[in-house]
1. Suppose we filter Thr53, Thr85 for residues that are under 18 Å from Thr23 (Cβ atoms) and among the polar types (S, T, N, Q); which single one remains?
2. Exactly one condition in (1) without any contact (Cβ under 8 Å) to a residue 40 or more places away in the chain; (2) loosely packed, with under 12 Cβ neighbours inside 10 Å; (3) β-branched (Val, Ile, Thr); (4) within 17 Å of Thr85 (Cβ to Cβ) is not met by Thr55; state its number.
3. Is region 125-133 home to any residue that is under 23 Å from Leu3 (Cα atoms) and touching a residue at least 40 places away in the same chain (Cβ under 8 Å)?
4. Any idea which residue in region 1-15 is surrounded by the fewest Cβ atoms within 10 Å (Cβ to Cβ), counting only those that are touching a residue at least 40 places away in the same chain (Cβ under 8 Å) and assigned to a loop (DSSP other than H, G, I, E, B)?
5. So, in region 1-27, how many residues would count as being within 20 Å of the chain's Cα centre (by Cα) and either modelled with pLDDT under 95 or not assigned by TED's automatic domain parsing to the domain that holds Thr75 (or both)?
6. Against the condition under 20 Å from the mean Cα position of the chain (by Cα) and assigned by TED's automatic domain parsing to the domain that holds Ile11, how does Gly60 come out, does it pass?
7. Working only within region 28-43, note down all residues that are closer than 12 Å to Thr6 by Cβ and either at pLDDT 95 or above or surrounded by 16 or more Cβ atoms within 10 Å (Cβ to Cβ) (or both).
8. Of all residues being assigned to a loop (DSSP other than H, G, I, E, B) and small (Gly, Ala, Ser) in region 74-128, which is surrounded by the most Cβ atoms within 10 Å (Cβ to Cβ)? Just the residue, please.
Amino acid sequence: MSLIFTRTIRIGGVLTDADQTPTLGIVRLDTGAQVVAPGTLMNHDGTGQYSYTLTGETAGVIYQASYSIVLGGETITSSTSKTATSSTTAQDMVDAIKTALKTNPAAVLTVIIDGQTVTYSRAQAIEELKFWQREAGREAGTKPRVARMRLDSW
């Protein structure tokens, strides 16, 4: 997982570079811990476009970035907050359940995904697998959202 913090600078609608590379600092709002030191340089992605990628964040935690940008000799400060989310996809769930079914022929299966442990009976795991296979198909664009549609009721 990663969070990308960005700043885009436009003057009169035209992308414009800052006088110097913008900096930022990032804090976890739940604990107040400084996870990126203030004054850390952002990446210059193109004219007027800057970014910083935070990796190793915890899902569900809000991170606040404080920016410092020098433009026209004046220092401008701002901040934004982002919530880290789980990057688990339906295909990840399919893979985890299939692995549990293959490696454990017992009646009770344990699936661990995103640090959470779920215990299923074998029958429940097979039902969950069917559900997540449908969701994975939808995410991949290979499964229609509607299986049947009656047009004779109009």
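The values are calculated or read from the model by the stated rules, or taken from the named source; none is laboratory data. These numbers come from a predicted model, not from an experiment. Neighbour counts are summed over all protein chains in view; Cβ atoms, including those assigned to glycine, are modelled from backbone coordinates with ideal geometry.
1. One residue alone meets the criteria, Thr53.
2. (1)
3. Start the filter on region 125-133 by keeping residues that are under 23 Å from Leu3 (Cα atoms), which leaves none.
No - not one qualifying residue is present in region 125-133.
4. Met1
5. Count: 7.
6. Working: under 20 Å from the mean Cα position of the chain (by Cα): yes; assigned by TED's automatic domain parsing to the domain that holds Ile11: yes.
When the stated conditions are applied, Gly60 passes them.
7. Result: Met42, single match.
8. Per the stated criteria, the residue is Ala84.
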